[in-house]
Amino acid sequence: MNIILLGPPGAGKGTQAKILEEKHGLKQLSTGDMLRAAIAAGTDVGKKAKAIMDRGDLVSDDVIIGIVSERMDKPDITAGVTFDGFPRTPAQAEALDKMLAGRKQKLDAVIEMKVDDEALVERISGRYTCAKCGQGYHEKFAPAKTPGVCDVCGGTEFTRRPDDNEKTVRDRLQVYNKQTAPLVAYYAAKGNLHVIDGMADITRVTGAIGSVLEKVKG
Ligand code: AP5
């Protein structure tokens, strides 16, 4: 099964994609995570992407389509994929259609996660990540059980993304509304768009996504 989580920065795509991987074995394919890994590794893709990401713009379609296509051919993808942060432009959506058709696969559902702008800013401003294992947290909505200690690995160092500041979040929202929001109409026209309330708490959002998956499984 292949699904897209579509939503603005901070909508909860990464949080839910990780849960879907644990519960259903759908591999999380996060273009943001892939780009951050490329930056950390100092690759050519990472060097091109760094400044663009820091200011909240989109990395070029060619680069993104290239890394996604490569990732789709890795043997660990068996049960399917949750696309997290991809596609983000009509060109990327069309490229995904071709990638799936070329691999004799289909897109089962596009789940749009709707969240108010002010809530997005609050979510992103409070987000932090374990530096050792990458577990994500939120100061208010999903804090570590013991303050300063990662629930998963016991690590005590945490990081924040350079693009997680209020100014860049507002710029990223504008980019989303201009370049990515048109995909809602694209997928609605294809008949596989499902809209859920992303303002609900994390468990309820997981439940809403689960209901969509049940429905499309038939
Ligand atoms: P990317 O990494 O994809 O960032 P994003 O889309 O801006 O999304 P985020 O990761 O910020 O948010 P999320 O929806 O995953 O929320 P999360 O679950 O973490 O992209 C970064 C940059 O890379 C882009 O700006 C661009 O430059 C580049 N890029 C990436 N893909 C690209 C592409 N395809 N094309 C071109 N450029 C691309 O949740 C946020 C916080 O809220 C967390 O702390 C979480 O604990 C909390 N939270 C989650 N759900 C809830 C809830 N229901 N209630 C309360 N709190 C919640």
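Data table
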| read-out | value |
| --- | --- |
| Selected from 1, 31, 192, residue furthest toward positive end of dipole (the chain; charges at beta carbon) | 1 |
| Solvent accessible area, Å² - residue 153, 1.4 Å probe, full protein context | 50 Å² |
| Expected-Rg normalisation [2.2 N^0.38 Å, Cα atoms] applied to region 88-153 | 1.65 |
| Burial order of peptide ranges 138-146, 180-188 (average beta-carbon count within 10 Å, highest first) | 180-188, 138-146 |
| Antiparallel bridges, percent of DSSP beta bridges restricted to the chain (to nearest 5) | 30 percent |
| Computed accessible area, residue 71, all protein chains, 1.4 angstrom probe, square angstrom | 50 Å² |
| Spacing of the two label points (7 Å from each Cα toward its C-beta) at residue 160 and residue 70, in nm | 3.2 nm |
| Cross-link partners of residue 145 among lysines (Cα-Cα below 29 Å; sequence separation of 8 or more within a chain) | 13, 18, 23, 27, 114, 132 |
| Per principal axis, descending, Cα span of region 1-145 in whole Å | 43, 34, 30 |
| Residue 67 accessible area, assembled protein chains, probe 1.4 Å, Å² | 30 Å² |
| For region 28-168, with +1 on Lys and Arg beta carbons and -1 on Asp and Glu, the positive-most of 89, 128, 111 along the dipole | 128 |
| Residue-normalised accessible area of region 69-155, given per residue in Å² at a 1.4 Å probe | 51 Å² |
| Whole-angstrom Cα spans of region 161-218 along principal axes, big to small | 43, 29, 16 |
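The values are calculated or read from the model by the stated rules, or taken from the named source; none is laboratory data. Keep in mind that what you see is a predicted model, and the values were worked out from it rather than measured. As a convention, Cβ positions derive from the backbone with ideal geometry for all residues, glycine included, and neighbour counts pool all protein chains shown. Keep in mind that these areas ignore ligands, DNA and RNA; they rest on the heavy atoms of the full protein, side chains included. Shrake-Rupley method; radii C 1.70, N 1.55, O 1.52, S 1.80 Å.
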